[in-house]
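Where a number appears in this text, it was derived from the coordinates with a stated rule and is not lab data. Everything quoted here is computed from the prediction, not taken from an experiment. Note that each Cβ is placed from the backbone with ideal geometry, even for glycine, and that neighbours are counted across all protein chains shown.
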Amino acid sequence: MKSLAVLASLLLVACGNTKPDTRAVYLLIDTSGTYTAELRKAQAIINYLLATLESGDSIAVARIDSGSFSEKDIVAKATFDLRPSTANDQKRLFKQQIDNFVENVKYGSRNTDITGGVLQASDFVNETQAGDKYVLIFSDLEEDLKKGHVRDFPIDVQGIKVVALNVTKLRSDNVDPRDYKQRLVDWQSRVEQGGGEWRVLNDLERLERLIVRH
C-alpha cells in the first residue's frame with residue numbers, strides 16, 4: 001500500500017509539472033525611419049503566424065515606438081477560442097487590424113525603444129502562461145532612445161525564445177560592417193543573460209523554423 005501511495009504522489013507531481021500545450025507570440029515591429037518600407041514583409045510573417053497558431057494560442061503585434069512600454073503601442077492582440085469557427089473569426093479580425101495599420105503608417109517613429117518593447121512583450125507572453133513563449137523582433141536592432149530614457153539594464157526574458165527577424169544593414173554598416181555584427185552580439189548577450197534563448201532568422205522563406213510546438 002505504501003508503494004502505491006508513493007506512486008500516486010509521483011504521478012500527481014508529474015501531472016503538475018506538465019507544460020501547457022499552448023504558444024504565445026509577441027511580434028515587435030520597427031516603424032522608425034526608412035524601416036517602414038519593410039512592413040510588407042512583416043505582414044507576410046503575421047499571415048504565417050495566423051495560419052500556424054491554433055485554438056488556445058495567443059498572439060500580439062506592437063509597434064516599436066519612441067517609448068515602447070505602453071499598451072498604446074499594441075496594434076492587435078488575441079487568444080484564440082477553443083471553438084474553431086470563433087477562432088477563425090478572431091483571425092480574420094486580427095488580419096484586418098494589421099492590414100489597416102500597415103496601410104496607414106505614413107511616417108516612422110523618430111526614436112526606437114527596442115528594450116521597452118521587449119519588456120512589454122515579455123509581460124504579455126508570461127501572463128498567458130503558455131507552454132512556449134516567443135518574442136519576435138522585426139527590426140534592424142539599432143536602438144535610438146529619447147533623451148533621458150534609460151535602457152542599459154538587465155532584461156528578464158527567462159524561458160522566452162527571442163527571435164530577431166529581417167535584421168537589415170544600416171547605411172553606416174557599409175562603412176564599418178563590424179557595427180552590424182556588434183548589434184547582433186550585444187542583443188544576444190542581453191537576451192541570454194536575461195535567461196532567454198536567442199536566434200536570428202533573416203531568411204523569411206524559412207518561416208517554418210519560426211515557431212514550433214515542443
Can you give the local net charge around Phe80? Use residues other than it whose beta-carbon is closer than 9 angstrom to its beta-carbon, Lys and Arg +1, Asp and Glu -1.
-2
May I ask for the net charge around Lys41, where only other residues with Cβ less than 12 Å from the Cβ of Lys41 are counted and Lys, Arg are +1 while Asp, Glu are -1?
-3
With θ taken as phi - 60° and the coefficients 6.51, -1.76 and 1.60, list the Karplus ³J(HN,Hα) couplings across the stretch 28-40 in order, rounded to whole Hz; mark glycine and proline as x.
9, 10, 6, 10, 8, x, 6, 5, 4, 5, 8, 5, 5
For Thr18, project a label point 7 Å along Cα to C-beta. Then give me every residue of the stretch 121-148 with its amide nitrogen under 15 Å of that point.
131
What number comes out for the charge environment of Val157, summing +1 per Lys or Arg and -1 per Asp or Glu over other residues with Cβ under 11 Å away?
-1
How are the alpha carbon pair distances in the stretch 9-138 distributed across 10 Å bins from zero to the largest one, expressed in percent?
13, 41, 30, 11, 4, 1
Of Lys41/Lys106; Lys41/Lys181; Lys147/Lys181; Lys133/Lys161; Lys19/Lys133; Lys41/Lys95, which ones are farther than 18 Å apart at the Cα?
Lys41/Lys181; Lys147/Lys181
